[in-house]
Amino acid sequence: MKKILNTFIMIVLLAIVSLGAAAQNFPTVTTTSNDLRKKGNTLSIDATITIPGDAVKSKNFIELTPVLETSNQKMGLPSILVNGKNRQKVYDRMVALGNLEEEPRFAVVKAAEAGEHKVEYKTTILWEDWMRDARFVLVQDLCGCGKETPGEPILIAGSILQKPEKRYEPALSFAYVNPAVETRKERAEVGTAFLDFQVGRYAILPDFRNNAVELDKIKKTVETVVNDEYITPDGIELKGFASPEGSYTSNTSLAKNRTQALRDYIIGQYRQFKADFFVLNSEPEDWAGFKVKAEADRNVPSRSGVLDIINGSDEADVKERKLRALDGGAAYRYVLAEHFPALRRTEYKINYTVRGFSVEEGREIIKTRPQHLSLNEMFAVANTYQPGSREYNDIFEVAVRMYPSDPVANLNAANIAISKKDYPTAKRYLANAGNSPQAIHAKGVLALAEGQLNEAERLLKQAQSGGVREAAANLEELARKRADNAIFDSFE
């Protein structure tokens with residue numbers, strides 16, 4: 001009978017303090033989301049809930065319930081019961097008497113009279129697909145009855161952290177360089193003819209040995225220039241070379257006369273060319289060319305001795321005598337057959353200028369004779385297409401083929417290669433792109449694309465200091481990539 005009476009008293013007391021709680025304003029509770037993420041088939045929850053000491057009057061209580069919610073679904077998690085001083089005494093008494101039956105709670109907290117109370121709310125629940133778009137909030141219940149209470153819940157986390165399906169790919173910005181205008185487009189066609197002459201003679205015999213083939217090479221090169229409507233020939237340079245056999249005096253005459261003979265042959269074929277259209281030079285004995293061939297050929301008999309003779313300071317005729325005597329003449333016979341014929345040649349260069357083209361003309365010329373366009377003209381044509389389009393990209397790749405040593409052509413082609421994720425090709429182009437701010441920027445973009453973020457940041461900041469406007473956008477993308485990496489790697 002005594003136990004029943006005590007239970008009745010406790011129930012009455014709880015009802016009384018509950019009525020007081022209903023009139024209480026919602027306290028200033030703060031929350032911090034330490035971690036809220038999907039891990040495999042579970043959801044890991046880690047939050048700190050801070051309850052001020054004056055949150056609850058002595059006879060009152062509040063119930064704080066963490067809730068996962070979407071627009072059409074909710075899930076309440078074990079709540080936190082915060083009791084005032086007297087309320088806690090009643091609560092403890094009921095627990096001691098075994099007369100309190102309620103849902104499992106995460107924590108029961110006695111409100112402190114001063115300071116604050118921190119609840120480290122950590123739990124793991126099974127993952128459900130609807131949680132993908134859920135937010136995490138803290139809902140108040142001032143009466144303990146589970147009814148909705150006016151006022152917005154406290155936001156703990158706006159979304160659940162989930163492992164991205166793939167890593168973030170930065171949206172790269174490229175800095176192309178407009179090449180300088182070429183006021184006079186000077187070009188040249190070059191070649192080498194290996195003409196055969198009768199011993200001691202310099203007259204050109206078209207039907208002698210392989211001369212028909214060699215002369216045809218020259219003819220095709222000349223006609224490439226004279227038959228092109230866009231070209232104006234400016235002059236032809238000829239340089240004849242003789243091999244080291246024979247006297248130097250005789251070879252001097254032969255090299256000079258054979259070069260003049262080729263000039264006269266070309267004039268005979270193309271009457272529009274006069275003698276003053278040509279610049280003639282000759283090399284009586286090509287010891288430099290002989291050295292290159294001997295160094296490259298491991299089969300030359302007494303090779304070290306041959307190279308010593310070539311590199312010596314003796315006059316040409318003395319070198320030849322020593323070479324003839326070396327190793328009983330074995331070395332001389334070998335080079336006479338294997339290397340000297342290639343040294344007897346004429347190098348020719350046909351200089352010309354190409355007229356300028358409008359953008360409309362350039363769009364057609366680049367398809368058939370791209371070598372006629374300057375880099376500036378190619379750039380203007382490229383800009384008539386959508387950046388990133390196949391036509392746009394192709395033009396920059398043509399430009400670097402036509403001008404393989406030009407830093408600007410290599411830089412612009414490197415940008416195209418990076419945009420196509422062809423990083424080995426981009427590196428090859430960047431090796432010839434120089435060290436302009438734009439080239440440094442391209443190297444930074446490549447580092448960013450390859451995930452070398454520290455190097456990318458260094459280079460992009462350097463380019464930004466050099467005035468490259470696109471660097472700022474890439475630095476922003478770098479920051480996004482770092483943040484994404486941190487999220488992605490946190491799931492590893």
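Listed values, structure above:
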{"quantity": "Any strands (runs of 3 or more DSSP E) falling wholly within region 95-203 and containing at least 1 residues that are among the small types (Gly, Ala, Ser) and either modelled with pLDDT under 95 or not assigned by TED's automatic domain parsing to the domain that holds Thr65 (or both)", "calculated": "107-110, 154-157, 185-193"}
{"quantity": "Residue identified as within 52 Å of the chain's Cα centre (by Cα), surrounded by fewer than 13 Cβ atoms within 10 Å (Cβ to Cβ) and not charged (D, E, K, R) among Asn281, Asn299", "calculated": "Asn299"}
{"quantity": "Close pairs from region 282-310: first closer than 10 Å to Leu326 by Cβ, partner of a type in the set (Gly, Ala, Ser), Cβ under 8 Å, at least 6 apart", "calculated": "Pro301/Ala330; Pro301/Ala331; Ser302/Ala330; Ser302/Ala331; Gly305/Ala331; Val306/Ala294; Val306/Ala331"}
{"quantity": "Close pairs from region 337-362: first basic (Lys, Arg), partner surrounded by fewer than 18 Cβ atoms within 10 Å (Cβ to Cβ), Cβ under 6 Å, at least 6 apart", "calculated": "Arg345/Thr192; Arg345/Phe194; Lys349/Ala188; Lys349/Val190; Lys349/Glu237; Arg355/Tyr230"}
{"quantity": "From Arg258, Arg298, residue being part of a loop (DSSP other than H, G, I, E, B) and charged (D, E, K, R)", "calculated": "Arg298"}
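The values are calculated or read from the model by the stated rules, or taken from the named source; none is laboratory data. In this text, all values refer to a predicted model and were calculated from it rather than measured experimentally. Cβ: placed from backbone, ideal geometry, glycine included. Neighbour counts: every protein chain shown.
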